[in-house]
1. Considering every residue within segment 261-284, establish whether at least one is within 28 Å of Ile123 (Cβ to Cβ), of a type outside the set (Ser, Thr, Tyr), buried (at least 18 other Cβ atoms within 10 Å of the Cβ) and modelled with pLDDT of 95 or more.
2. Could you please let me know if Ile127 is closer than 24 Å to Ala104 by Cβ, modelled with pLDDT of 95 or more and in the same structural domain as Val283 (by TED's automatic domain parsing)?
3. How about segment 191-245: which of its residues are β-branched (Val, Ile, Thr) and closer than 17 Å to Leu269 by Cα?
4. Every residue in segment 31-46 that is farther than 18 Å from Leu60 by Cβ and in contact with a Leu (Cβ under 9 Å, 6 or more places away or on another chain), please.
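The values are calculated or read from the model by the stated rules, or taken from the named source; none is laboratory data. For clarity, every value in this text was computed on a predicted model and none was experimentally measured. Every residue, glycine among them, receives a Cβ derived from its backbone with ideal geometry; neighbour counts consider all protein chains shown.
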Amino acid sequence: MERAPTNGIEVFLTIVREGSMRAAAKALGVGAPAISLQLKALEERLGVDLLYRTTRSIELTDAGRVLFENAAPAYRDLVDAIGRTQQAGKSAKGTLRLTMSRGAYIVAIAPIVETFLAQHPGINLDISWNEELVDIVRKGFHAGVRLGDVLSPDMIAVRITPPVKTAFFAAPNYLERYGRPRHPRELLDHRCIRHWQPTSGTLREWWISEDGQDKRIDPPARLTFDSAAGVIQAAREGHGVGWSMRATMADHLKTGDLETLLDPFVKDLPPFYIYYPEQNKRVECLRLFVDCLKTHLIRRSNG
């Protein structure tokens, strides 16, 4: 696209509107010599004179009249568009688009959704559940929610939860058939249900804490799924032992569909963070959402 010589258009339009260079300088908050220099530079770039100058007044040349009659409406539209853009970024109205895993929603977001929507009736939440690490800029999301061990370093990240509780689990009918493991090493002899990560194509690591040390264990997988929800469903059906965030199976623990195992050995995962690119930090809907999450974290920490 050919670049138009637009520098100085605002100065030219202001001179015509105000009736003199001195008045234009006052309106724009600059010195009169600067106004004169910018007008002269514009005329040189265009290759035509725009104004007749006298000691008492200024008059439009034919070329100046053409420019003024066509540029003034376009400039007003441009100023209006800029104002609307700025207002959109500052407005507490609109749709906030977020991406996260199902587990991130359950642990970090679900507890504040009702409060946030009640406090900000002009804001809608558009939430995409995705187990993959999504390019939020390319996909058009305002922000994402992920565990602290998988964050991109070029993003602004705000912690929104404590470390995340985990659990080993299985259905009662499975435990009746195959017994209850008492130590993590016994998982090597059990049917384990693993979760593979779509982004990396690798199995999610299983971790335990023993004698004050964190240890990775890698039992063979009889079943694998690309989501934690699949692991939980298969465990409920009695197919084996799973490991995931405790909150994602809380309802099934209450009903007795699942039981936790190896509780003395569980290890917490890193906290969840909301993350977003630098250019989104001025989006008012996002700022309000982050503030709500931080307030919830403070209240949770204070008990």
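1. The answer is yes, given that some residue of segment 261-284 is within 28 Å of Ile123 (Cβ to Cβ), of a type outside the set (Ser, Thr, Tyr), buried (at least 18 other Cβ atoms within 10 Å of the Cβ) and modelled with pLDDT of 95 or more.
2. yes
3. Across segment 191-245, the qualifying residues are Ile208, Ile217.
4. Ala34
Yes/no matrix, rows are residues, columns are (1) of a type in the set (Asp, Glu); (2) more than 24 Å from Gly230 (Cβ to Cβ); (3) assigned to a loop (DSSP other than H, G, I, E, B):
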| position | (1), (2), (3) |
| --- | --- |
| Pro121 | no, yes, yes |
| Leu125 | no, yes, no |
| Glu131 | yes, no, yes |
| Val134 | no, no, yes |
| Val137 | no, yes, no |
| Arg146 | no, no, no |
| Ser152 | no, yes, yes |
| Ala157 | no, yes, no |
| Thr161 | no, no, yes |
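Residues checked against (1) exposed (fewer than 13 other Cβ atoms within 10 Å of the Cβ); (2) among the basic types (Lys, Arg); (3) modelled with pLDDT of 85 or more:
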residue: Asn7; (1), (2), (3): yes, no, no
residue: Phe12; (1), (2), (3): no, no, yes
residue: Pro33; (1), (2), (3): yes, no, yes
residue: Leu37; (1), (2), (3): no, no, yes
residue: Leu46; (1), (2), (3): no, no, yes
residue: Leu51; (1), (2), (3): no, no, yes
